[in-house]
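Chemist: Structure below; questions to follow.
The values are calculated or read from the model by the stated rules, or taken from the named source; none is laboratory data. Given the structure is predicted, the values throughout are model-derived calculations rather than measurements. Heads up, the Cβs are rebuilt from the backbone with ideal geometry, glycines too, and the neighbour counts pull from every protein chain shown. We work out accessible area using only protein heavy atoms, side chains counted, and drop any ligands, DNA or RNA first. Shrake-Rupley method; radii C 1.70, N 1.55, O 1.52, S 1.80 Å.
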Amino acid sequence: MNDRPYHHGDLRRAILTAALDVIATDGPTGLSLRDLARRAGVSHAAPAHHFRDRTGLLTAIAAEGHGLLAAVLAETTDLREAGARYVRFAREHPAHFQVMFSPELLRADDLELTTARALSAAALTDAIATAPAPVPGGDGSDARSARIAVWSLAHGFATLLLGHNLDGLLGDEDPEEVFRALPMTLFPAA
């Protein structure tokens with residue numbers, strides 16, 4: 001018999017990964033720390049050492065998601081490309097995306113979350129601020145509103161895409177390529 005205590009390794013990461021899997025299939029309401037502990041092969045109390053409770057776990061997922069999104073958006077200053085990357089992020093990280101924009105599930109005052117949110121907001125703001133005025137022939141006075149519209153378009157497109165509401169309309173087309181064309185349709189100078 002082995003008298004050494006069981007050591008999981010990176011239990012925090014294991015719980016986060018299992019939680020992301022559950023959220024991707026069942027949504028955040030299907031999440032249970034007890035079930036995640038069972039999946040990780042640890043005691044039912046072990047996840048509480050890292051996340052305190054379900055809200056803490058969801059807050060950690062949202063913070064991680066905002067950090068990932070900030071990194072993806074920081075790689076470009078082109079507004080259309082930033083929007084396409086936003087859509088790609090949602091496709092590649094659907095569980096993060098779902099939790100990030102569900103404030104009722106999170107601890108709004110969590111330092112890790114507020115810091116990560118600030119980073120992703122700054123990356124989005126940079127992409128919006130550096131884009132040329134997307135109003136054809138305009139003097140730029142409506143540029144802020146048009147840029148916000150493009151950002152809203154990316155978030156709405158990603159949300160509809162994840163909900164499979166665009167499946168029939170997109171067919172086999174690459175969603176990122178379809179998105180890149182959308183701002184051109186609405187704002188030809190974007």
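Chemist: If we keep just the residues of segment 3-38 that are modelled with pLDDT under 85 and open to solvent by 100 Å² or more (accessible area, probe 1.4 Å), which is nearest to the chain's Cα centre (by Cα)? Spell out how you get there, then give the answer.
Modeler: Of segment 3-38, the ones modelled with pLDDT under 85 are 3-10.
Next, from what is left, pick out any that are open to solvent by 100 Å² or more (accessible area, probe 1.4 Å): 3-7.
Details: Asp3: 43, Arg4: 40, Pro5: 37, Tyr6: 34, His7: 31 Å.
Per the stated criteria, the residue is His7.
Chemist: Being modelled with pLDDT of 70 or more and in contact with a Phe, Trp or Tyr (Cβ under 9 Å, 6 or more places away or on another chain) is the filter here; which residues of segment 126-152 pass it? Lay out the reasoning, then the answer.
Modeler: Within segment 126-152, the subset modelled with pLDDT of 70 or more is 126-129, 145, 148-152.
Scanning segment 126-152 gives Ala127, Ile128, Ala149, Val150, Trp151.
Chemist: May I ask you to list pairs of residues, at least six apart or on different chains, whose Cβ atoms are under 6 Å apart, with the first in segment 153-178 being in a helix (DSSP H, G or I) and the second being of a type in the set (Ser, Thr, Tyr)?
Modeler: Ala154/Tyr86
Chemist: Find all pairs meeting these conditions: Cβ atoms under 9 angstrom apart; at least six residues apart or on different chains; first residue within segment 111-130 and in contact (Cβ under 8 Å) with a residue 40 or more places away in the chain; second residue open to solvent by 60 Å² or more (accessible area, probe 1.4 Å) and assigned to a helix (DSSP H, G or I).
Modeler: Ala116/Leu68; Ser120/Leu68; Leu124/Trp151; Ala127/Trp151; Ile128/Arg144; Ile128/Ile148; Ile128/Trp151
Chemist: So, Gly56, is that one in a helix (DSSP H, G or I), surrounded by fewer than 20 Cβ atoms within 10 Å (Cβ to Cβ), in contact with a helix residue (DSSP H, G or I) (Cβ under 7 Å, 6 or more places away or on another chain) and modelled with pLDDT of 90 or more or not?
Modeler: No.
Chemist: Inspect segment 79-92 for any residue being open to solvent by 80 Å² or more (accessible area, probe 1.4 Å) and assigned to a helix (DSSP H, G or I) and give the result as yes or no.
Modeler: Yes; the residues of segment 79-92 include at least one that is open to solvent by 80 Å² or more (accessible area, probe 1.4 Å) and assigned to a helix (DSSP H, G or I).
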